[in-house]
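The values are calculated or read from the model by the stated rules, or taken from the named source; none is laboratory data. This structure is a prediction, so every number in the text was calculated from the model and none was measured. A quick note on method: Cβ atoms are made from the backbone with ideal geometry, for glycine too, and the neighbour counts reach across all protein chains shown.
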Amino acid sequence: MAYINQHFKEDINIQRIEEICHYSYRNINRIFQAIHGETIGKYIKRIRLEKAAEYLKYSAHKIADIAFEIGFEDIASFSKAFKNRYNATPSAFRKRCKTLEALTRETLLTEQAEREKLSFEIEYLPDFEMLYLEHKGAYDNLHELDHLWNQFFTYLKEKSLYSEQSIFLGECLDDDEISEDIHCRYNLALILERPLTFSPDGFFQTKLHQRQKYAKFIHQGPYETCAETYQKIYAFWIFDLDLTLKDAPTLEFYLKDAATTPPSELLTEIYIPVF
């Protein structure tokens, strides 16, 4: 899965899959489908089209360039696949996104005072290694996310990785307006202060986060209202300042302990990747 997520824009052939997993393609495909609910081929096609939808929504790239970028050999086959997935041609999908963006901006313009309060900083995050647990599902399913965070904390304590200085973050890999809820990926993560002395077990994994430039925003209040801050970010600031979004996950750093902090005083740093 990690290999596919990194190389899905390329031609991933059967031989390469077998070399990575040490199974025949037929057997690993059965295992993959049992776990993820779709075959390897369908998974690759879906995430390619979802990435194309993100490019159409957030960039001004030509449709032909987007098609080639995500691994389609010609624009005709891309347009057909995209329409089957989103019930709209790429150009119609882009136009619809722009219309919705304009409507959102018009609605939020009545909140000028709130708009002025939402400031940001440009910041670079250095390389860091993180231990994470992947969640698939709706980003606003806080009950399930709370359960996973408790599971995550229990694991950290068992492995003596938890301390008062621990830095926790969430990594949002998908746009929930493009990907179906069951496919939205969110990683619960801990920044590792030093390399692990053991191999993570179960569904726990590690990876290196590479240095990246971000626009950093602050959300104050309960996690349930984070969506309102995101709406304002994408409706105004990113486009007003002509910042170009980078194809990388959005990060959320949780600055206060939700168990001991009143919801109105919770602080979340939102890092939007930009060039």
Starting from residues that are hydroxyl-bearing (Ser, Thr, Tyr) and buried (at least 16 other Cβ atoms within 10 Å of the Cβ), keep the ones in region 79-108 and report whichever is nearest to residue 177 (Cα to Cα). 86
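Which ones in region 185-207 are closer than 14 Å to residue 251 by Cα and touching a Phe, Trp or Tyr at 6+ places or on another chain (Cβ under 9 Å)?
186, 187, 188, 189, 190, 191
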Between a first residue in region 169-180 that is closer than 10 Å to residue 50 by Cα and a second residue that is in a loop (DSSP other than H, G, I, E, B), which pairs have beta carbons less than 8 Å apart while being 6 or more apart in sequence or on different chains? 174/184
Just checking, does region 222-234 include any residue being without any contact (Cβ under 8 Å) to a residue 40 or more places away in the chain, farther than 21 Å from residue 151 by Cα and in contact with a Gly (Cβ under 9 Å, 6 or more places away or on another chain)? yes
Pairs needed: first member in region 77-101, of a type outside the set (Lys, Arg); second member anywhere, in a loop (DSSP other than H, G, I, E, B); C-beta distance under 8 Å; at least 6 residues apart or different chains. 78/70; 78/72; 79/89; 81/72; 82/88; 82/89
For region 119-129, does any single residue satisfy the condition of being out of contact with any His (no Cβ under 9 Å at 6 or more places or on another chain) and in a helix (DSSP H, G or I)? no
Taking the conditions exactly as written (in a loop (DSSP other than H, G, I, E, B) and closer than 18 Å to residue 142 by Cβ), does residue 225 satisfy them or not? no
Condition check for residue 229: of a type outside the set (D, E, K, R), modelled with pLDDT of 90 or more, touching a Leu at 6+ places or on another chain (Cβ under 8 Å) and under 11 Å from residue 270 (Cβ atoms): yes
Every residue from region 30-66 that is assigned to a helix (DSSP H, G or I) and farther than 25 Å from residue 250 by Cβ: 30, 31, 32, 33, 34, 35, 40, 41, 42, 64
Filter result (in a loop (DSSP other than H, G, I, E, B), crowded, with 16+ Cβ neighbours inside 10 Å and of a type outside the set (Gly, Ala, Ser)) within region 228-261: 243, 249
